[in-house]
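Here is the structure we will look at.
The values are calculated or read from the model by the stated rules, or taken from the named source; none is laboratory data. These numbers were taken from a predicted model, which means no experiment stands behind them. Glycine also receives a Cβ, built like all others from the backbone with ideal geometry; neighbour counts cover every protein chain displayed.
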Amino acid sequence: MLKATSKKSRHLSRLVVKSKDPTRFKTMEVNTLQIGIWINIFMGFCGWIGYYFANSYALALDGNFSFISALSFFVAMRITRQKDFTSEKYPLGFYSVENIYAFLQGILLIGITVYAILQGAANIVAYSKEELPEPLKIIPLMIYTVTMIFACIATWFFYKRRFEKTEKQSPILKAETVGAFMDMLVTCGTGVALVVVALVPTSSPFHFLNYIGDSIIVIIISLFLLRAPIQIVSNSFFSLVGRTVQKPQLRHRVENIIVTSLDPIFKLEKFHIFHMGSCYEIEVTIRPVDDALMNLPLFRMCRQLMETRLKVLFPSLVLEIIID
């Protein structure tokens, strides 16, 4: 159906293209997050038990990180269940809420990381004032490190595989995969390094590492990890304010699909790609080479071909085609 607009522009179609199997993707997200809640609760308790027996603040920080992740998983699960519900007020669903969640999750990760840096610095300053904490205990550290190395690697691999099975279209699972990767690096790197510094003999000039080694390690790893959550916050923010997708490779593939799907009587004027959570919106503006050649059945055939081919790239899509 044609709808007249200003300057002889005609809005011809707005198609909502559903995922190949949206129910499967949604079920996978919810199931992954449910499992993630219990994984993080387990890791949180392990961190605090390790802190109690090993006298390492780094393990307490790791436990806090896991408990907060468990809470965020619960929120993410609620979002996943509601995101594709539509109504008169929200005909496109609540996909943008995924970006809000990813944005807040990134802020939370930044906050935890910055707090770790400040706490580590405070411990080092306190040691410089001869306020000596209890030294690290090697046996509890070794038990914790071995246990958590296997647990964290398995957890990150689990999230990564689940994210890939959604064709990498779930911002929620992407954020959690990044968080799991950060947690794996912090836990494994910190655990191994703490065992090393705890083995420093008392006669060594580096014996001070028994007291502040965990603080130094936490600061170094935290500075290294800051880039990932900053990137999450940046991407989520620009998606929320409506910036178009800028990835050259993706834009080239979409443009190629659009151009090769059009009959020669149509010419591509411009197109925009917007990312709303796990949903993409593509706005295509085309122009007939000659108005006299305008053929509505032919246009419908081009539209159907474009729709079919774009489904391969995007599990959930809003496609808008405008003839100018």
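Quick notes
- Selection from region 102-126 of residues that are surrounded by 20 or more Cβ atoms within 10 Å (Cβ to Cβ) and within 21 Å of Met276 (Cα to Cα): Ala102, Phe103, Gln105, Gly106
- Yes/no for Phe157 being in a helix (DSSP H, G or I) and buried (at least 16 other Cβ atoms within 10 Å of the Cβ): no
- Scanning region 212-270 for residues that are closer than 30 Å to Gly191 by Cα and not hydrophobic (A, V, I, L, M, F, W, C) returns Gly213, Asp214, Ser215, Ser222, Arg227, Pro229, Gln231.
- Counting only helices (runs of 4 or more DSSP H) that sit completely within region 199-316, those holding 3 or more residues that are at pLDDT 85 or above and not assigned by TED's automatic domain parsing to the domain that holds Ala60 correspond to 248-261, 296-311.
- On inspection, Thr177 fails the criterion of being without any contact (Cβ under 8 Å) to a residue 60 or more places away in the chain, touching a Gly at 6+ places or on another chain (Cβ under 8 Å), of a type in the set (Val, Ile, Thr) and on the phi < 0 side of the Ramachandran plot.
- Out of Thr187, Thr244, one residue alone is in contact with a Cys (Cβ under 6 Å, 6 or more places away or on another chain) and polar (S, T, N, Q). It is Thr187.
- Complete set of residues in region 50-78 that are touching a residue at least 60 places away in the same chain (Cβ under 8 Å) and under 17 Å from Ala193 (Cβ atoms): Gly50, Ala54, Asn55, Ser56, Tyr57, Ala58, Leu59, Leu61, Asp62, Phe65
- There is at least one residue in region 245-264 that is polar (S, T, N, Q) and crowded, with 17+ Cβ neighbours inside 10 Å.
- Once region 113-141 is narrowed to residues that are of a type in the set (A, V, I, L, M, F, W, C) and part of a loop (DSSP other than H, G, I, E, B), the residue that is modelled with the highest pLDDT is Leu136.
- With respect to being polar (S, T, N, Q), modelled with pLDDT under 80 and closer than 24 Å to Asp183 by Cβ, Asn55 fits the description.
- Just one of the listed residues (Gly189, Gly179) is outside the structural domain of Phe314 (by TED's automatic domain parsing), within 15 Å of the chain's Cα centre (by Cα) and at pLDDT below 80, and it is Gly179.
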